[in-house]
Amino acid sequence: MITCQKKTLANGLRLVAVELPHLHSAEVAVYLKVGGRYDPIEKTGLSHFLEHMLFRGTRDFPTTLELEAAFEIIGGSVNAATDSDSTCYYSRIHPTKSAEAVRLFSSMLLYPTMPGIDIEKKIITEEALEDINERGEEINLDNLASKLLWPEDPLGTPTVGTLETIAGFTDEDLLNHMREYYVPANAVIVAAGSINPDSFFSACAEYFGVWKGSPPGGIITSPESQASPQTVFVKNFDSQIGLQIAFRSFARQDPRIMPARLIRRILCGGGSARLLMSLRERLGIVYSVTAGISAYEETGCFAADLSTAPENLLTAVEEVLKEILRLVVEPVTEDELQRAKNGYFFDLEYSRDSTYEMGVRYGWGELMGILQGIEEDKAESAAVSVEILQTTARELFAPHNLNLAVVGPWRAAGKKGVQKILEQYQKNFPLAG
């Protein structure tokens with residue numbers, strides 16, 4: 001049985017303890033509601049850069065080596081991640097060491113010294129260069145599609161930043177960003193595993209009770225809508241073409257998110273999924289095809305990704321859109337829907353054995369105001385009918401939501417061919433009502 005206990009300190013810091021007594025490990029994570037979309041547009045990448053700098057030294061552990069070694073002593077390996085609207089610091093540890101993990105994280109977040117900014121600029125520049133070709137053009141499909149989806153919004157900028165913004169970051173930028181967003185009311189600390197909740201809560205009160213800061217202001221944004229399909233093509237010398245077809249999707253708390261999750265599974269969720277059967281098993285033009293859902297407070301994205309030889313570009317685009325359109329015009333069978341649900345149910349059960357996934361569910365979920373237990377997710381997905389799925393597909397895959405990004409050695413004829421396929425998709429899509 002999973003037991004979740006929550007507590008809020010006097011300074012507004014939320015604590016979540018998830019007991020998983022059947023496990024032999026634990027995870028401690030600190031989630032903060034700040035990410036790429038919170039960066040000033042002229043300082044894109046600042047949240048990600050700050051995350052990196054907290055590893056460079058603290059008052060108690062002056063060097064990266066000393067900090068990393070302290071986590072290793074308790075069975076951990078500290079890591080972090082920054083996305084569009086959150087930052088997370090986390091480590092798997094021995095379940096008896098949750099209090100010590102809290103102490104180490106408090107040293108990172110409350111007492112960082114952040115030396116070596118110029119070295120970190122070099123490191124993150126190398127990371128940014130992975131997404132740029134020899135002409136300095138963006139070649140990361142996610143970044144290209146995001147710019148199409150949200151052209152005048154921070155959501156459309158790369159989380160890692162640009163070469164120019166990375167080079168311009170200052171110590172003052174880091175301190176100001178930290179003062180605004182690294183505050184207790186903007187954070188959640190979660191421990192998941194075979195832990196002692198009382199010990200965890202006591203450690204948080206001891207080491208984070210002194211944390212101060214006013215709640216930050218909310219982001220003001222209204223991502224633009226679009227009226228028709230959009231495309232971007234970038235030349236890159238490679239043996240394959242990378243393709244992403246991304247649809248403007250639903251916000252985080254939209255009830256259509258659950259049907260969209262099942263649609264993703266029907267298209268790309270396993271060996272019997274439609275796109276894999278079509279593109280790989282029937283045509284032999286891909287090794288793999290994946291799909292993912294991103295959801296934010298007021299918008300979202302549903303994207304399918306694949307790589308294929310240049311001569312297969314038109315076939316790949318045509319087949320993906322054909323399978324998507326089939327979901328719109330033909331109800332799935334009850335058997336296929338149940339197969340997707342069963343896969344989702346089993347994955348929910350498997351997540352009980354992952355301290356990381358439980359930390360995400362209960363920690364990140366608390367941060368974003370969407371905390372929901374496994375049984376609640378099961379009930380919500382079980383209630384999705386064939387009719388609800390088809391209605392959701394029709395709303396999700398409408399032509400005006402479609403964005404397509406292509407990177408690789410494409411030819412002019414291929415680009416024109418893709419445009420014709422998109423025009424045909426618009427003509428074939430059933431009219432509203």
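General remarks:
- Residue check for Asp173: assigned to a helix (DSSP H, G or I), surrounded by fewer than 17 Cβ atoms within 10 Å (Cβ to Cβ) and not aliphatic (A, V, I, L, M): no
- Number of the condition not met by Asp85 [criteria: (1) open to solvent by 30 Å² or more (accessible area, probe 1.4 Å); (2) of a type in the set (Asp, Glu); (3) under 23 Å from the mean Cα position of the chain (by Cα)]: (1)
- Segment 155-170 - residue that is within 23 Å of the chain's Cα centre (by Cα) and assigned to a helix (DSSP H, G or I) and, of those, nearest to Ser294 (Cα to Cα): Leu155
- Count - residues of segment 251-280 that are farther than 14 Å from Ala340 by Cβ and crowded, with 22+ Cβ neighbours inside 10 Å: 1
- Subset of segment 281-291 (residues that are under 22 Å from Arg261 (Cβ atoms) and surrounded by 14 or more Cβ atoms within 10 Å (Cβ to Cβ)): Val289, Thr290, Ala291
- From the list Leu155, Leu149, Leu163, the one residue that fits, being at pLDDT below 95 and either over 23 Å from Gly365 (Cα atoms) or not hydroxyl-bearing (Ser, Thr, Tyr) (or both), is Leu155.
- The single condition among (1) of a type outside the set (A, V, I, L, M); (2) surrounded by fewer than 19 Cβ atoms within 10 Å (Cβ to Cβ); (3) within 20 Å of the chain's Cα centre (by Cα) that Thr299 does not meet is (2).
- Within segment 123-144, the residues that satisfy the criterion of being surrounded by fewer than 13 Cβ atoms within 10 Å (Cβ to Cβ) and part of a loop (DSSP other than H, G, I, E, B) are Glu130, Glu134, Arg135, Gly136.
- Count of segment 152-170 residues which are more than 15 Å from Asp85 (Cα to Cα) and open to solvent by 30 Å² or more (accessible area, probe 1.4 Å): 7
- Filtered residue count, segment 306-324, keeping only those that are outside any loop (DSSP other than H, G, I, E, B) and surrounded by fewer than 21 Cβ atoms within 10 Å (Cβ to Cβ): 8
- The single condition from (1) hydroxyl-bearing (Ser, Thr, Tyr); (2) closer than 26 Å to His177 by Cβ; (3) crowded, with 18+ Cβ neighbours inside 10 Å that Ser98 fails is (2).
- The residue list Leu422, Leu371, Leu367, Leu431 contains one member that is hydrophobic (A, V, I, L, M, F, W, C) and modelled with pLDDT under 95, which is Leu431.
- Close pairs from segment 335-346: first within 13 Å of Leu389 (Cβ to Cβ) and in contact (Cβ under 8 Å) with a residue 24 or more places away in the chain, partner open to solvent by 30 Å² or more (accessible area, probe 1.4 Å) and part of a helix (DSSP H, G or I), Cβ under 6 Å, at least 6 apart: Ala340/Arg265
- Note on segment 69-97: residues that are closer than 22 Å to Leu174 by Cα and without any contact (Cβ under 8 Å) to a residue 40 or more places away in the chain total 4.
- Verdict on Glu423 being free of Cβ contacts under 8 Å to residues at least 24 places away in the same chain and part of a helix (DSSP H, G or I): yes
- Filtered residues of segment 45-72 (kept if in contact with a strand residue (DSSP E or B) (Cβ under 9 Å, 6 or more places away or on another chain) and open to solvent by 10 Å² or more (accessible area, probe 1.4 Å)): His48, Glu51, His52, Phe55, Arg56, Arg59, Glu66
- Residues located in segment 1-22, provided they are modelled with pLDDT under 95 and hydrophobic (A, V, I, L, M, F, W, C): Met1, Ile2
- Selection within segment 111-143 - β-branched (Val, Ile, Thr) and in contact with a strand residue (DSSP E or B) (Cβ under 9 Å, 6 or more places away or on another chain): Thr113, Ile132, Ile139
- Residue under evaluation Pro229, criteria (1) out of contact with any His (no Cβ under 8 Å at 6 or more places or on another chain); (2) crowded, with 16+ Cβ neighbours inside 10 Å, criterion not met: (1)
- Only a single item in (1) surrounded by fewer than 21 Cβ atoms within 10 Å (Cβ to Cβ); (2) at pLDDT 95 or above; (3) of a type in the set (Val, Ile, Thr); (4) closer than 20 Å to Gly365 by Cβ is not met by Val30, and it is number (1).
- Counting only residues that are open to solvent by 10 Å² or more (accessible area, probe 1.4 Å) and not in a helix (DSSP H, G or I), segment 183-204 holds 3 of them.
- Segment 244-294: number of residues that are free of Cβ contacts under 8 Å to residues at least 60 places away in the same chain, assigned to a strand (DSSP E or B) and either out of contact with any strand residue (DSSP E or B) (no Cβ under 7 Å at 6 or more places or on another chain) or within 16 Å of Ala316 (Cβ to Cβ) (or both): 3
The values are calculated or read from the model by the stated rules, or taken from the named source; none is laboratory data. Note that the structure is predicted; figures quoted are calculated from it, not measured. Cβ: placed from backbone, ideal geometry, glycine included. Neighbour counts: every protein chain shown. With ligands, DNA and RNA removed, areas are computed over all heavy atoms of the protein, side chains included. Shrake-Rupley method; radii C 1.70, N 1.55, O 1.52, S 1.80 Å.
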